[in-house]
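Please treat every number below as a calculation from the coordinates, not as lab data. Small disclaimer: the values here were computed from a predicted structure and weren't measured. Cβ atoms come from the backbone with ideal geometry, glycine included; neighbour counts cover every protein chain shown.
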Amino acid sequence: MNLKKTYTALLTADLPAAEGWYTKLLGRGPDYRPMNTLVQWELFDEGGLMLSTSAEIAGRGVMFVYVDDVAAERRRLQRVGILLGDNIEGDYSTLAQVRDPDGNLLTVATLPSRAFPPA
């Protein structure tokens, strides 16, 4: 497999409400609306986020994002009405979590402090 890009795809019951919530979370609106049941953000060259009301495209899921500073991200999100849970001190990162309006779990984490063990 020669992967070029991956997307996190999350199912939503209310696309306009989810679009508003993720616009606050990401600090900007979506880049594309390829169909009336789907919006997508290009987050970086190799990946992005899709929100959809079509169960054929996405399913209830989780999204894990790395940031430089969980505390700074917590403050930014609080200003727009998104409240992260308490910090979780992991073996590699500091994590904080929040559920979107549809119950999808978002984990915000610092970059790993050391390499993960090989598989």
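When Thr12, Thr6, Thr107 are ordered from fewest to most other Cβ atoms inside 10 Å of their Cβ, what list results?
Fewest-to-most ranking of Thr12, Thr6, Thr107: Thr6, Thr107, Thr12.
Does anyone have the angle between helix 70-79 and the longest principal axis of the chain? Alpha-carbon axes, 0 to 90°, nearest 10?
Helix 70-79 sits roughly 40 degrees off the main axis of the chain.
If you filter segment 24-119 for trypsin sites (Lys or Arg not before Pro), then keep DSSP loop positions with at most 13 other Cβ within 10 Å, what is left?
For trypsin sites (Lys or Arg not before Pro) across segment 24-119 that sit outside H, G, I, E and B with at most 13 neighbouring Cβ atoms in 10 Å, the list reads Arg28, Arg60, Arg114.
With springs only between Cα atoms under 10 Å, which of Gln97, Gln78, Gln40 fluctuates most in a Gaussian network model of the chain?
Its mean-square fluctuation being the largest, the pick is Gln78.
Compute a Gaussian network model of the chain, connecting alpha carbons closer than 10 Å, and tell me which residue from Asp102, Asp69, Asp45 fluctuates the most.
The residue with the greatest mean-square fluctuation here is Asp45.
Apply the Karplus parameterisation 6.51 cos²θ - 1.76 cosθ + 1.60, with θ equal to phi minus 60°, to every residue of segment 41-47 and state each ³J(HN,Hα) to the nearest whole Hz, in sequence, with x for glycine and proline.
Taking θ as phi minus 60°, the curve returns 10, 8, 8, 6, 4, 9, x Hz for segment 41-47.
Near the amide H of Gly85, under 5 Å away, which other amide H atoms are found, from residues 5 or more places off or on another chain, if H is placed in the peptide plane?
When sequence neighbours closer than 5 places are left aside, the close amide H contacts are Gln97, Val98.
Taking neighbour counts of Cβ atoms within 10 Å as a proxy for exposure, in what order, fewest first, do Ser54, Ser93, Ser113 appear?
Taking fewest neighbouring Cβ atoms as first place, the list is Ser113, Ser54, Ser93.
Restricting to DSSP H runs of at least four residues, report the calculated mean residue ellipticity at 222 nm for the chain, -39500 (n - 2.57) per run over all residues, nearest 500 deg cm²/dmol.
Result for the chain: -5500 deg cm²/dmol, rounded to the nearest 500.
Show me, for segment 98-113, the HN-Hα J-couplings you get by feeding each phi into the Karplus relation (A = 6.51, B = -1.76, C = 1.60, θ = phi - 60°), rounded to Hz, glycine and proline as x.
8, 9, 6, x, 9, x, 5, 8, 10, 10, 9, 9, 6, 4, x, 6
Select from Thr107, Gln78, Tyr7 the residue farthest towards the positive end of the dipole of the chain; place +1 on Cβ of Lys and Arg, -1 on Cβ of Asp and Glu, and compute about the Cα centre.
Looking along the dipole axis, the top candidate is Gln78.
Dividing the convex hull volume of the Cα atoms of the chain by its residue count, what figure in Å³ per residue is obtained?
So the per-residue Cα hull volume is 132 Å³.
Relative to the first principal axis of the alpha-carbon coordinates of the chain, what is the inclination of helix 15-26, with its axis defined by its Cα atoms, in degrees from 0 to 90 and to the nearest 10?
30
Report the local net charge at Ser93: Lys and Arg +1, Asp and Glu -1, summed over other residues whose C-beta lies under 12 Å from its C-beta.
After counting each charged neighbour, the total is -3.
Using modelled amide H (1.01 Å from N, peptide plane; none on Pro or chain starts), what sits under 5 Å from the amide H of Leu43, excluding residues fewer than 5 places away?
It is Gly48, Leu49, by chain and number.
So, in nm, how far is label Arg99 from label Ala115 when the simple model puts each one 7 Å beyond its Cα toward the Cβ?
It is 3.8 nm.
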